[in-house]
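Everything below concerns the one structure shown next.
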Amino acid sequence: MQLPAILEGESLTRLVQGAVVGAVATLIIGFTWGGWVTGGTAKEMTQKSASSALVTALAPICVDKFQHSPEAAANLAELRKVSSWQQGTFITKGGWATMPGGAEANSAVADACANMLSALKM
């Protein structure tokens, strides 16, 4: 059986070279500008998104627990006296960042809760 002229000799070499260059260019363009990501990057992005959603959902609950606790006004005054980088620890020690049914507080929730409480005008 006779092969087509494009699959013989120099033409075959050029065809294979073109296919390889095209595949490499597709990969480079796809990963650089096309928004393609590897499985590991996709997993990392998903975990960050889930963590952010968790903090966004639970921080208002922490604020509500803080505001409905006994001596909330005194606790808020004490929170405002503590330096900003220790406020999350203050919230954690107070137990306001520990969610019902949870064993321990989430430090990101405590930090977000402290930021929200600091912005409140009471």
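The values are calculated or read from the model by the stated rules, or taken from the named source; none is laboratory data. Since this is a predicted model, take the numbers as computed values, not measurements. Here the Cβ positions follow ideal geometry from the backbone for every residue, glycine too, while neighbour counts run over all protein chains shown. Heads up: the accessible areas ignore ligands, DNA and RNA and are worked out on the full protein's heavy atoms, side chains in. Shrake-Rupley method; radii C 1.70, N 1.55, O 1.52, S 1.80 Å.
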Net charge over other residues, Cβ less than 12 angstrom from the Cβ of Asn75 (K, R count +1; D, E count -1): +2
Surface accessible to a 1.4 Å probe, Ser83 within the full protein complex, Å²: 40
Chymotrypsin sites (Phe, Trp or Tyr not before Pro) within segment 12-44: DSSP coil, no more than 12 neighbouring Cβ in 10 Å: Trp33
In the chain, lysine pairs with alpha-carbon atoms under 18 angstrom apart (chain gap of 8 or more, or interchain): 4
Estimated translational D of the chain in µm²/s (Stokes, Kirkwood radius over Cα pairs; 37 °C; 0.692 mPa s): 174
Rg and Dmax [Cα atoms of segment 1-55; Å; Rg one decimal, Dmax integer]: 20.7, 68
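Taking all protein chains as present, what is the carbon and sulfur share of the accessible area of the chain, in % to the nearest whole number, probe 1.4 Å?
Answer for the chain: carbon and sulfur cover 63 percent of the accessible area.
Please get the size of the charge dipole for the chain, origin at its Cα centre, with Cβ charges of +1 on Lys and Arg and -1 on Asp and Glu, quoted in debye to the nearest 20. All intermediate terms of the calculation are to be shown ahead of the outcome.
Working: 8 positive and 8 negative charges, 76 e Å.
Dipole of the chain, to the nearest 20 debye: 360 debye.
Taking the convex hull of the Cα atoms, report for segment 37-95 its projected area averaged over all directions, in nm².
Mean shadow area of the hull around the Cα atoms is 5.1 nm².
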Accessible area in square angstrom per residue, the chain, 1.4 angstrom probe: 70
